[in-house]
Every structure is written in structure tokens, then in C-alpha cells.
Amino acid sequence: MLRLGCAWLVVNGVLMAPEWIAAAVTDAAPVPWISLEATLLVGGLALLPKGRFSRRLAWAVSLSVVVVAAASFADLVFQVSLGRSLNLSLDLYLLNAVYRLAIGNSGPVRTLVGAGLMLLLSAGTVLGLVRLMNVPAGTEEKPAPPTPPTRLLATPVTRLGAGMIVASPLLGLAGLAQEAIGERFVTPSVSLLADQAALFRTTRAERVEFSAALNAPPPAVVESPDLLSHLDGRNVVVTYIESYGMAALEDPDFASVIRPRLEEAGARMEASGLGVVTGRLESPTLGGQSWYAHGSMISGLWLENQLRYELMLSSDRETLVDDFERAGYHTATVMPAITTAWPEATRLGFDSVYTSQNIPYDGPPFYWVTMPDQFTWSFLGQVLGEASVPLFVEVGMVSSHAPWTPTLPLLDWDRMEGGAAFEPHRRDGYPPEEMWWDVEVLRQAYAESLDYSLRAMTEFAERFLDDRTLLIVSGDHQAAPWIIGTEEPHVPVHVIARDPDLLEPFVEWGFRRGALPDPDVDPPRMDEFRAWFLRSFSGAR
């Protein structure tokens, strides 16, 4: 009896832990107490005679409980970090990204030790449940000697009693109101399996639907020599600032840092002879997976999940890269966060590809961040300065990527020494494993990292931006919902140029002059950018 009672407590705790954590994170009330699956599984096993079949079933149940709990924890992480549910039919590829993020933030030793401890905990839970839910092989109790008729029922009655004791929480709560009972009792395993089955069906339908969208005519492309002729051969740079969302301008804690910085940036650029207009776009992703935003901007397709992204890459769909190449541009991408082979860049057709492997940075990494934004901006300035033909460049700035530590000072642009000058600041601020336990510290670090990125953007524009270049600086997505407290997908977009004619189409699209967007204009989606840009900058001026 005691063994089975302990088994119920363990199974209920393992299955309910994600529910309890989710309730704590979201301040949900009332908090659910009991998993009905725990009662049914342990109670059902209690009624089975001990033997080979029951032992095998105990192994199957124990493994299933641990696997379901792991998937539930992963689903919770997806909800608070990406604002969506885990999709097992699409998201297993993210294990590699999680591993690389952990390596970048905590180092290989801590990452491997942490992974090992999780495996040991999972294995220990399985073994413990097997022992609690079933008598081990070779220790079955011998049949009891003949007894009076009233004793003959002892064995089945004992089994039935064990099952009832396991189910006793149901009886103990019978006095509660019916609606309270419904809220306290949940079926986490059944809900998870039902959700995954629905997502699987949706994913299959999505494949068919999106395949049809891929085969639809792309945005109308104006044939040369009118294609992008409004640019008059000016360079076009599309830059993404990591995790830069509208929460930075709307949340009071963030806005107290970011809005004054943007107001100062607008005044400084105006004093330098630069024009700036600002608007908003709707990103297809939240909390991470920046490549969905990048892909949506250049392809004209709404890439809100990995299936769509991979279908786009595997198709012959042309993108803004192809449009610029047809207009006589040299195309390049600067992505300092890419540390391994990147075949997607070849598929997208970039002429030059710069990643952490061939950007000449000799300074230290800053946890996950391979190099600070100021150095990436400086390298971009060098690329633009050496160009002999018009350039289209896509750039990713990563200093504002989690873990948002350390916050760096801006150095003298002429004395960065290939990045070596950043070495004294390598271990400034909190280590990630300390600051991530305190949401308020995280929020402050997030605002400070964006402040750094925006200061670097401003000084780059003042220093490097001439009348040959149109600079578009966009957020890629909002930060994780549990950090910013919202799931709104909108991001700011700043457009900077010395020629006011290059900014006018953006004003007509709903952007506002200055470094702050108009909050009353409904933002277009990122997948609308390609068609709009081609229409606005092609044809006679």
C-alpha cells in the first residue's frame, strides 16, 4: 500500500510539475493539484497480478511518464520564450540551437554536466517508478495458505483497496464545488497528446497550402533597366537588431531608457545632415528564430515556422537578393552569429558571405555573442567604403541577443585593434547563470543592451553613411514574452539616408519622420516588404 501511495505521489508530481511552474510564471489561479492520469495509471497497475507482464507494463508506464513530462517542460519553455506551443513534428531541429546557445552562455563543461545530470535524473525517476509500481522479478510473494472463506478474498480485496487508496484524493475532494473540482483536476498527458495530434494534422495541411503559395506568381518584377532605378545605384543595407521589438518603446521600464536614446539619435543624425524616418512591421516570429523574419523580408512569403522556411529554401523561389542582382548589384550578407557552415546563404544567392569564420575579428566572444555590434558596424563600413559597384547587404547585429551581458562601452572607432581592444570588458557584468534567476535584472540588462546597439547604430550613421547608401534598420522580433510581458509581434524600423528622396516612399507607406514610429498606423507584415520595395523604387524618379 505504502509503495503504491508513493508511486502515485511521484507520478502525479512528475506530470504536474510543468503545470505548477506554468501557474507560478503566469500567476494563474486556481492552481491545479491532481493529474487524473496518475490516478488511473497507478491504480490500474495496482489491480494487476504481479508477473512478467505487469513488470513490462510498469517499465512502459514509467518511461512514458518521464517522456511526457519532458515534452511538457519543453512546451512550457516554448510558451514563455517563443510565445507558441512546441510542435514535435517541426521543432526537434532546435535541439542543436539550444545546445549551441548553452555552450555559448555557460561553456562546454557546464553544459555537458547539466545535460548529464538531467539524464541521470530521468533515468533515476524511471527506475524508481518501476520499483514502486511493481514488485521486482524474483520477489513475488508466495501464495498464502488456505484460510477460512472470509480470508479467501484477501488478495483481490487488497488489490482493489490499493487501487482505491491511490484514487482516494478524488473522494477527499468530493465536498468541493463542482467548478472547483474541474479546475483542480487536469489531464496533462491527454492534453499534450491531443495538442500534438492537432499540430501534426495542421502541419500536414500547411505543407499543401504553402506549396501552393510557393507556386503562385511572385511579386511583379520590373524588367531592367527600370528595376530599382529609383535608387540610382545607391547601396542598400538591411540591418536587423536582435530582439528589438516595440516593447522597448512601450513598456515603461524599457522606454525610460530607449525613447530618450532614440530622441537623441534623431537629433544627432539631423545635425549631421542625415534624414531618418521610422515605422513598424509585424514579425512572423517571437522570442527567437530570427531567420523567419529575415526570410520573410527578402522572399515576400510569410515564414512563421520551420516547415515554411525549409520549403522556401528547397524551392526555386526568387528573393530580394535576386532582384538586386538583376539590377546590377553585388549582394552580400554579414552574419557574425553564424559559426558553422551556412549553405542557406549559397541557396539564397549572395555573392559574398561574411560570418564569424571570415570576419577579421580578433577579440573575445561575449558568451553567445561572437563579436560586439560596434565591430560589426565598423566592418560593414569597411565593406561599403571598398565597394566599386552598388551593394545590397543584409546584416545581423547580435549584441542585444540573450543573455544581454555584458553591456559594453563604445570604443574609439579608429582604435578597436581588430577587436583586441574589447578584451578588458570580456567578463564585465553578471555571468548569465546568475542573472537569469532574476527577471528584473534581466529586464534591466535587456534595455541596456538595446541602448548599446542603438548608440552603435547612431555613431555608424554619423561616421560612415554618405549619400551613396540607404540604411534600413529593423528589429527582427520581440524578446521572450516572459521578459517583456507581451506577445505582440511588432518591431520598429528606422530608415536613414542623406538624400530625402530615398525616404519619401517610406513616409508614403506610413512611416513618420524622426526616430519614433507613429503608434496609430497599422503596421504591414514583413512579407509585404519585398513587393512594396520593388514597386516604390523601380521606374523613373
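The values are calculated or read from the model by the stated rules, or taken from the named source; none is laboratory data. Just so it is clear, the model here is predicted, and its values are computed rather than measured. Cβ sites come from the backbone with ideal geometry, for glycine too, and all protein chains shown count toward neighbours. Areas reflect the complete protein model, heavy atoms only, side chains present, ligands, DNA and RNA absent. Shrake-Rupley method; radii C 1.70, N 1.55, O 1.52, S 1.80 Å.
Just the residues that are open to solvent by 30 Å² or more (accessible area, probe 1.4 Å) and in contact with a helix residue (DSSP H, G or I) (Cβ under 7 Å, 6 or more places away or on another chain), please, taken from the range 347-359. Within the range 347-359, R347, V353 qualify. For the range 360-383, filtering for residues that are hydrophobic (A, V, I, L, M, F, W, C), open to solvent by less than 10 Å² (accessible area, probe 1.4 Å) and at pLDDT 90 or above leaves 3.
Per the listing F460, F533, the residue uniquely of a type outside the set (D, E, K, R), touching a residue at least 12 places away in the same chain (Cβ under 8 Å) and touching a Gly at 6+ places or on another chain (Cβ under 7 Å) is F460. For the range 404-452, residues that are touching a Phe, Trp or Tyr at 6+ places or on another chain (Cβ under 8 Å), among the acidic types (D, E) and outside any helix (DSSP H, G or I) total 0. Close Cβ contacts (under 8 Å, 6 or more residues apart or on different chains) running from residues in the range 299-317 that are in a helix (DSSP H, G or I) to residues that are of a type in the set (K, R) comprise S299/R317; S299/R530; L307/R207; L311/R207; L313/R347. Criterion applied to R280, R308, R261 was being under 18 Å from S474 (Cα atoms) and buried (at least 24 other Cβ atoms within 10 Å of the Cβ), and the one residue passing it is R280.
Give all pairs with beta carbons closer than 9 Å in which a residue from the range 107-125 that is over 19 Å from A17 (Cα atoms) and at pLDDT below 75 meets a residue that is assigned to a helix (DSSP H, G or I) and of a type in the set (D, E, K, R); count only pairs at least 6 apart in sequence or on separate chains. Listed pairs, sorted by first residue: R110/E433.
Residues in the range 480-504 that are in contact with a helix residue (DSSP H, G or I) (Cβ under 6 Å, 6 or more places away or on another chain) and at pLDDT 90 or above: V495, I496, A497.
Go through the range 251-289 residue by residue and tally those that are of a type in the set (K, R) and closer than 18 Å to A461 by Cα.
So the answer is 2.
V257 passes every criterion in (1) part of a helix (DSSP H, G or I); (2) free of Cβ contacts under 8 Å to residues at least 40 places away in the same chain; (3) over 24 Å from F392 (Cβ atoms) apart from (2). Of all residues in the range 227-248, those that are touching a residue at least 40 places away in the same chain (Cβ under 8 Å) and under 22 Å from Q374 (Cα atoms) have Cβ atoms under 8 Å from Cβ atoms of residues that are open to solvent by 10 Å² or more (accessible area, probe 1.4 Å) and of a type in the set (S, T, Y), 6 or more apart or on another chain, in V236/Y329; Y240/S290; E242/S290; E242/S399.
Here D476 meets each of (1) under 16 Å from T239 (Cα atoms); (2) within 29 Å of the chain's Cα centre (by Cα); (3) surrounded by fewer than 23 Cβ atoms within 10 Å (Cβ to Cβ) with one exception, condition (3).
Take the conditions (1) farther than 19 Å from I472 by Cβ; (2) open to solvent by less than 40 Å² (accessible area, probe 1.4 Å); (3) in contact with a His (Cβ under 9 Å, 6 or more places away or on another chain); (4) not hydroxyl-bearing (S, T, Y); A387 misses just one of them, which is (1).
Tell me which residues, restricted to the range 434-473, are among the aromatic types (F, W, Y) and open to solvent by less than 30 Å² (accessible area, probe 1.4 Å).
Y446, Y452, F460
Within the range 411-425, the set of residues being under 14 Å from W377 (Cβ atoms) and either open to solvent by 40 Å² or more (accessible area, probe 1.4 Å) or in contact with a strand residue (DSSP E or B) (Cβ under 7 Å, 6 or more places away or on another chain) (or both) comprises D412, D414. Among the residues of the range 53-79, those identified as more than 31 Å from the chain's Cα centre (by Cα) and either farther than 12 Å from V14 by Cβ or open to solvent by 60 Å² or more (accessible area, probe 1.4 Å) (or both) are F53, S54, R55, R56, L57, A58, W59, A60. Quick one: is H494 closer than 15 Å to S296 by Cα, buried (at least 17 other Cβ atoms within 10 Å of the Cβ) and of a type outside the set (S, T, Y)? For H494, the condition - closer than 15 Å to S296 by Cα, buried (at least 17 other Cβ atoms within 10 Å of the Cβ) and of a type outside the set (S, T, Y) - is not met.
Considering the conditions (1) more than 15 Å from R131 (Cβ to Cβ); (2) crowded, with 19+ Cβ neighbours inside 10 Å; (3) modelled with pLDDT under 75, L47 is excluded by exactly one of them, (2). Inside the range 514-541, residues that are over 24 Å from G295 (Cα atoms), among the charged types (D, E, K, R) and in contact with a helix residue (DSSP H, G or I) (Cβ under 7 Å, 6 or more places away or on another chain) make up a count of 1.
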